[in-house]
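All remarks here apply to the structure that follows.
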Amino acid sequence: MVDISVIIPTHNRAAMLRSILSRLDAQRDGTPAFEVLVVADGCEDDTSTMLSSLRTRVPLRTLSLPGVGPALARNAGAQVA
């Protein structure tokens, strides 16, 4: 069970996303339990490949959308969380 869901909408920013996920994964012990939900919104770069090969201690879920824009991507992530 998690206390917090961190929702990250993204579009073609695989390198930045990897950096953010690495920092989230490095949180100290004792941090409240959280999950990360990445909403890949119409990504045409290597975001999906990077996400599928990434291993984290933090629960990581992904959602792929066809390019609906940041507001709808955030809302979709919130519904899934």
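Here are the numbers for this structure:
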| read-out | value |
| --- | --- |
| Inter-residue pairs, beta-carbon under 8 Å, first under 21 Å from Ala78 (Cα atoms) and free of Cβ contacts under 8 Å to residues at least 24 places away in the same chain and in the range 8-24, second outside any loop (DSSP other than H, G, I, E, B) and open to solvent by less than 50 Å² (accessible area, probe 1.4 Å), 6+ apart | Ile20/Ile8 |
| Any hit, the range 4-11, residues being farther than 15 Å from Ala81 by Cα, modelled with pLDDT of 95 or more and within 10 Å of the chain's Cα centre (by Cα) | yes |
| Residue within the range 34-47 that is out of contact with any helix residue (DSSP H, G or I) (no Cβ under 8 Å at 6 or more places or on another chain) and charged (D, E, K, R) present | yes |
| Odd one out for Ala14 among (1) open to solvent by 70 Å² or more (accessible area, probe 1.4 Å); (2) at pLDDT 95 or above; (3) out of contact with any strand residue (DSSP E or B) (no Cβ under 7 Å at 6 or more places or on another chain) | (1) |
| Selection count, the range 37-64, where residues are in contact with a Pro (Cβ under 7 Å, 6 or more places away or on another chain) and either of a type outside the set (D, E, K, R) or exposed (fewer than 12 other Cβ atoms within 10 Å of the Cβ) (or both) | 2 |
| Wholly enclosed strands (runs of 3 or more DSSP E) of the chain bearing at least 1 residues among the polar types (S, T, N, Q) | 4-10, 60-65 |
| Single residue of the range 16-49 satisfying the filter (polar (S, T, N, Q) and over 14 Å from the mean Cα position of the chain (by Cα)) that is nearest to Leu60 (Cα to Cα) | Gln27 |
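The values are calculated or read from the model by the stated rules, or taken from the named source; none is laboratory data. Remember, it's a predicted structure, so these values are computed and weren't measured experimentally. A quick note on method: Cβ atoms are made from the backbone with ideal geometry, for glycine too, and the neighbour counts reach across all protein chains shown. Keep in mind that these areas ignore ligands, DNA and RNA; they rest on the heavy atoms of the full protein, side chains included. Shrake-Rupley method; radii C 1.70, N 1.55, O 1.52, S 1.80 Å.
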